[in-house]
Amino acid sequence: MSFYAYGLGEITPPEQGGPAFDTHFQLLQTLNSWGFPVVSSVERAQGATGLVAYHERIGALRDSLPFDIDGVVYKVDSLALQRQMGFVTREPRWAIAHKYPAQEQLTTVLDIDVQVGRTGKLTPVAKLAPVFVGGVTVTNATLHNADEARRKDVRVGDTVIVRRAGDVIPEVVGVLANKRPAGAQMFTMPDRCPVCGSAAVREPGEADTRCTGGLFCSAQRKQAMLHFAQRRAVEVEGLGDKLVDQLVDTGVINTLPDLYRLGLTALASLDRMAEKSGQNILQALEKSKQTTLPRFLFGLGIRHVGEATAKALARHFGGLDAVMAATQEQLLEVPDIGPIVAQSIRTFFDQPHNREVVEQLRACGMTWDEGERTAQAPKPLAGKTVVLTGTLPTLSRDQAKDRLEAAGAKVAGSVSKKTHYVVAGADAGSKLDKAREFGVKVLDEAGLLALLDGAGVDDPPNPEKTDDRA
Ligand SMILES: [Zn+2]
């Protein structure tokens, strides 16, 4: 592993004898003089003309650089101005990337696979001869759906142009028609699901073809579990696609609630599963049982219900039973929910097996805060700005943020004089120093929990004292 230095993490402040810098350029030169590798093509430029000229110069050198780049970054040189400009969430106002066009390469299509997604959607995927493009080796490119596959008319054996930019999914830009082998067959969407054999149907007016197998289809079951377990849903750390493949393929689990009935013996019986990692999964599952209503609703994987809709539903109805019982008309009263989404929610909860899954998850001990309805819930932290830093002992960053926001607080990315509280965990960095510098109240997790309970809003526990207790 090698790196180029381009900034500072935590350093001793100048007033305590640490180094002081006025400009970014000066900082880089100093780092270089100390022996850290610094990119030699850094320059100071003036105005838009200077920046564009630099962008063009580096663009011409792009292929001869000893590393891949997808653009250059312009930064305000004066560190005082950088501090003054600050951040919008995680994005600095004093730096901006100027990208180069996506890179393209030629390769051949080895095969066209059809993959089955969580909602049964069939996606044709071109399997490519490995090709290095945009900094990674690409072996797959999505063809999206039947129409798109037909429009591009990609065939097995074709030579194609592949493009990849940043972290975007690679795509086939076009086919070199003169290189098509004789007898290459046009791709057609199968009328059966390649995984479970159920009928694959394209509804009138829809672009997508779907497997009708529902939870009978193991591909859909696997995707449903991964969706439920993802970080933005109920978050089961360590439950990735390889493990879910094994669990479903070996018949250890068939439904979502089966996850919570897993034992160490069953886990340890899987290939490559050490007892320690088995225990970690069980712990992560246990931890995931305490969630929030929006995360749970999102995790169920109801079609058209993303995170924002799940939050809106929780806010409007306040509890799961009310959501499950809501008529289409009642659902339409929720801000931003239209007829298609309302219908989709109603259809989901009208299916007996979906209600069964919800009941079983509850029976397995899943709980969430009911009664989060904003109109009625007390907002002990309304108008307060809170900054999170470091790792808290039990709450994840997202959990802490969710709970603060539910209590009416605004969670900000950087500390200012207007910050009311900084919640600091292990390895807290410069935000903690800033909090001390500005005299902002610093809390640990226990202090945060007390704050959320509505206790001590005006008199938060002394952090030094709680540190001693810990
Ligand atoms: Zn299927």
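Listing for the model above:
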quantity: Elements of type helices (runs of 4 or more DSSP H) in the range 273-326, at least 3 residues being more than 20 Å from the chain's Cα centre (by Cα) and over 22 Å from ALA400 (Cβ atoms); calculated: 275-288, 307-317, 320-325
quantity: Per-region count, the range 184-206, residues modelled with pLDDT of 90 or more and either under 28 Å from the mean Cα position of the chain (by Cα) or in the same structural domain as LYS152 (by TED's automatic domain parsing) (or both); calculated: 1
quantity: Residue in the range 227-240 that is touching a Cys at 6+ places or on another chain (Cβ under 8 Å), closer than 25 Å to LEU361 by Cα, away from the ligand (no atom under 11 Å from the Cβ) and not in a loop (DSSP other than H, G, I, E, B) present; calculated: no
quantity: Looking only at the range 91-111, and only at residues there that are among the hydrophobic types (A, V, I, L, M, F, W, C) and at pLDDT 90 or above, the one that is nearest to VAL136 (Cα to Cα); calculated: LEU106
quantity: Extreme residue, modelled with the highest pLDDT, among residues of the range 51-90 that are within 26 Å of the chain's Cα centre (by Cα) and surrounded by 15 or more Cβ atoms within 10 Å (Cβ to Cβ); calculated: VAL72
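The values are calculated or read from the model by the stated rules, or taken from the named source; none is laboratory data. Because the structure is predicted, anything quoted here is derived from the model rather than measured. In this analysis, Cβ positions are derived from the backbone assuming ideal geometry, glycine residues included, and neighbour counts consider all displayed protein chains.
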